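Participant: Got a structure here, written out as structure tokens. Questions coming.
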Amino acid sequence: PTSSLKVYTRNGDGGRSDLFTGERRPKSDLVFESLGTVDELGACVGAAREECMREGNQLAEDCHDVLCWLLDVGSHVATPLTSTTTRSKRDRTSFGEERVEFLEQRIDDLSSQLPPITSFILPSGGRAATALHMCRTVCRRAERRLVELSNQGDVDASVVKFLNRLSDYFFTAARHAARHAKVDEMVYRRANIRDSKRTSQVVRDSEIVVPVQPNRAVEQVGASKTCDENSGPKQFRAAALASAVVCIGAAAFVSFLLARRSTLLAL
């Protein structure tokens with residue numbers, strides 16, 4: 001039978017794991033936290049690649065390259081410079097700046113096809129674009145983790161620079177994906193809360209349109225119920241009292257009709 005590599009080893013059951021150098025450290029160590037964040041970023045990029053392939057926006061190949069480069073980043077992080085004495089391992093996991101230059105070229109190429117930015121862009125623009133925005137935010141977190149390692153001398157500055165540029169690429173790629181999908185991007189707008197309270201809202205259900213005034217609950221048969229934040233026990237008790245009065249009045253009227261009918265039959 002052909003032997004295969006087992007997924008589990010049980011070596012990490014005690015809360016410690018091995019680096020590429022063979023050194024064992026607690027899994028709570030900053031190196032493993034950084035490795036986990038880079039791995040998380042890779043999973044996000046994999047999901048974004050699937051969306052890019054589905055939409056055919058020519059970004060899937062870039063995502064494939066990035067996934068491979070993130071494994072290189074992981075190898076570099078798993079070989080801390082301050083504790084690696086073997087030169088061959090340092091050379092094997094070194095991380096050059098040619099990837100940074102490639103990303104900058106891609107950012108320039110994509111940006112040349114996009115309209116200028118006039119407002120702060122919110123994560124939006126379709127499924128591929130939103131997935132790429134998610135990659136951008138996780139990439140920023142990975143960069144922050146590696147900055148700490150870089151300050152300790154455990155990773156080369158080129159890796160931090162790469163992640164910084166990669167987040168810029170994801171932002172630009174997200175805009176490109178939105179433009180390709182022909183989906184408008186949402187932009188930041190300052191909301192005037194005071195004015196919005198003065199503006200009537202509208203509750204719609206089929207053909208029914210019911211304006212809703214501030215500080216008042218409105219209920220429409222067959223329509224949605226809308227109740228603003230000021231509605232409370234007082235309004236509820238008032239409505240219950242009104243319903244009770246109507247019921248009592250109706251019962252009295254029915255009793256009167258029955259009594260009248262009995263009188264007429266007796267005659």
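Participant: In the set Ser17, Ser28, Ser34, Ser4, which member is touching a Gly at 6+ places or on another chain (Cβ under 8 Å) and of a type in the set (S, T, N, Q)?
Facilitator: On the way: Ser17 fails: touching a Gly at 6+ places or on another chain (Cβ under 8 Å); Ser34 fails: touching a Gly at 6+ places or on another chain (Cβ under 8 Å); Ser4 fails: touching a Gly at 6+ places or on another chain (Cβ under 8 Å).
After applying the criteria, what remains is Ser28.
Participant: Would you call Ser167 surrounded by fewer than 22 Cβ atoms within 10 Å (Cβ to Cβ), out of contact with any Leu (no Cβ under 7 Å at 6 or more places or on another chain), at pLDDT below 95 and of a type in the set (Ser, Thr, Tyr)?
Facilitator: Details: surrounded by fewer than 22 Cβ atoms within 10 Å (Cβ to Cβ): yes; out of contact with any Leu (no Cβ under 7 Å at 6 or more places or on another chain): yes; at pLDDT below 95: no; of a type in the set (Ser, Thr, Tyr): yes.
Against the criterion (surrounded by fewer than 22 Cβ atoms within 10 Å (Cβ to Cβ), out of contact with any Leu (no Cβ under 7 Å at 6 or more places or on another chain), at pLDDT below 95 and of a type in the set (Ser, Thr, Tyr)), Ser167 does not qualify.
Participant: Here is a list of conditions, (1) modelled with pLDDT under 95; (2) farther than 24 Å from Arg179 by Cα, and Phe162 meets all of them except one; can you say which number that is?
Facilitator: (1)
Participant: Further, regarding this structure: Would you tally the residues in segment 40-57 being open to solvent by 70 Å² or more (accessible area, probe 1.4 Å) and under 22 Å from Arg179 (Cα atoms)?
Facilitator: 3
Participant: Quick one: which helices (runs of 4 or more DSSP H) lie wholly within segment 58-157 and hold at least 1 residues that are open to solvent by less than 50 Å² (accessible area, probe 1.4 Å) and free of Cβ contacts under 8 Å to residues at least 60 places away in the same chain? Spell out how you get there, then give the answer.
Facilitator: On the way: elements: 60-77, 87-92, 98-111, 127-151.
In segment 58-157, 60-77, 127-151 are the helices (runs of 4 or more DSSP H) which contain 1 or more residues that are open to solvent by less than 50 Å² (accessible area, probe 1.4 Å) and free of Cβ contacts under 8 Å to residues at least 60 places away in the same chain.
The values are calculated or read from the model by the stated rules, or taken from the named source; none is laboratory data. Only a predicted model underlies this, so the values are computations on that prediction, with no experimental measurement involved. Here the Cβ is made from the backbone with ideal geometry for all residues, glycine too, and neighbour counts use every protein chain on show. Side chains are part of the model used for accessible areas, which takes the heavy atoms of the whole protein and leaves out ligands, DNA and RNA. Shrake-Rupley method; radii C 1.70, N 1.55, O 1.52, S 1.80 Å.
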